[in-house]
1. I want to check the label-to-label distance for Ala196 and Glu127. Put each point 7 Å from Cα in the C-beta direction and report it in nm to one decimal.
2. With all pairs of different alpha carbon atoms counted, what Kirkwood hydrodynamic radius in Å does segment 70-178 show?
3. With only alpha-carbon atoms in the gyration tensor, what are the semi-axes of the equivalent ellipsoid for the chain, in Å, largest first?
4. Which of the DSSP-defined H helices in the chain satisfy a minimum axial length of 20 Å, computed from C-alpha atoms, and a minimum mean Kyte-Doolittle hydropathy of 0.0?
5. For a quick check: sort Phe216, Phe188 by the number of other beta carbons within 10 angstrom, fewest at the front.
6. Using a Förster radius of 41 Å, what is the FRET efficiency between Trp87 and Arg251 based on their Cβ-Cβ separation? Nearest 0.05, please.
7. Which three extents, in angstrom, do the Cα atoms of segment 98-161 have along their principal axes, listed largest first?
8. Sorting His113, His55 on the 10 Å Cβ count, fewest up front, what's the list?
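Every read-out reported here was derived from the displayed coordinates using simple, explicitly stated rules and does not represent laboratory data. Note that this is a predicted model, so its numbers are computed, not measured. Neighbour counts are summed over all protein chains in view; Cβ atoms, including those assigned to glycine, are modelled from backbone coordinates with ideal geometry.
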Amino acid sequence: MPPSFWPFGRSKDAEPEQSLIQKIDPHRIPQHVAIIMDGNGRWAKRRGLPRVAGHRAGVQSLRRVLETCEEFGIRYLTVYAFSTENWKRPADEVNALFDLLVEYLQRELDTLHDKGVQIRAIGKVSELPENPRKELERAVRHTANNDKLILNVALNYGGRIEIVEAVKAIARQARDGQIDPERIDEAFLNRHLYTADVPDPDLLIRPSGELRLSNFLLWQSAYTEIWVTPTLWPDFGRKEMIQALVDYQGRDRRFGGVKV
């Protein structure tokens with residue numbers, strides 16, 4: 001679909017960056033932004049490159065987005081890095097993704113720490129291969145006391161599995177007589193999710209033009225504003241992020257109610 005007719009996001013050349021910045025209301029910045037980092041493979045294919053080249057280029061996009069979040073005071077950023085379904089990909093690609101994760105953490109950890117970024121991991125992290133799991137655990141420990149920006153990395157993550165695991169934990173408590181099932185409500189279930197101490201995302205960004213959640217933050221995104229752009233993730237940068245913020249601020253968030 002041509003960008004001029006794209007109903008959800010904008011093309012990267014739609015408006016000058018400085019003009020977009022002037023439209024941002026600093027008092028209405030989303031507290032929590034979530035991103036499905038999609039389009040790496042297609043980006044590489046269009047250039048005749050192996051898929052891992054797209055994933056490597058996507059790391060640069062994450063750096064640009066983190067810098068933009070820091071610039072505008074976004075408190076939480078959750079990125080979908082590897083889903084529970086991604087194990088179906090070729091083994092060489094999966095191994096390359098985890099090698100890239102290790103490389104990223106080893107290269108960027110000190111910089112992220114100096115900037116006050118706290119790294120967290122959500123998902124079934126214990127099932128990751130040993131080397132990336134240990135590097136991730138080291139990064140989490142090293143940045144645990146930082147509080148400027150919380151970076152949630154969703155690894156081996158699936159929204160349905162997250163809800164199932166929460167239900168299992170609650171069921172065990174009910175079975176053992178620790179809770180009265182009649183007292184279980186949305187807030188109680190929410191406390192058993194991976195994101196228990198993180199507010200629901202205000203804005204969810206989907207690059208690459210796909211119109212689906214892909215099993216990402218299903219519970220948490222009940223009233224999240226979704227912003228889709230045809231831009232592939234490796235081409236996503238500061239300007240696209242600013243455009244998303246501008247469009248987000250133009251939304252009328254009623255949470256199921258009406259404004260009087």
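1. It works out to 2.0 nm between the two label points.
2. Numbers: mean 1/r = 0.0652 Å⁻¹.
For segment 70-178, the Kirkwood estimate is 15.3 Å.
3. Values: eigenvalues 166, 124, 68 Å².
Value: 29, 25, 18 Å, ordered largest first.
4. Working: long enough: 51-72 (32 Å, -0.38); 91-114 (35 Å, -0.15); 159-175 (24 Å, 0.05).
Long hydrophobic helices here: 159-175.
5. Numbers: Phe216 23, Phe188 13.
Least to most surrounded, the residues fall as Phe188, Phe216.
6. Working: r = 35 Å, r/R0 = 0.86.
After rounding to 0.05, the efficiency reads 0.70.
7. The principal-axis extents, from largest down, are 32, 24, 16 Å.
8. Details: His113 16, His55 23.
Going from sparsest to densest Cβ surroundings: His113, His55.
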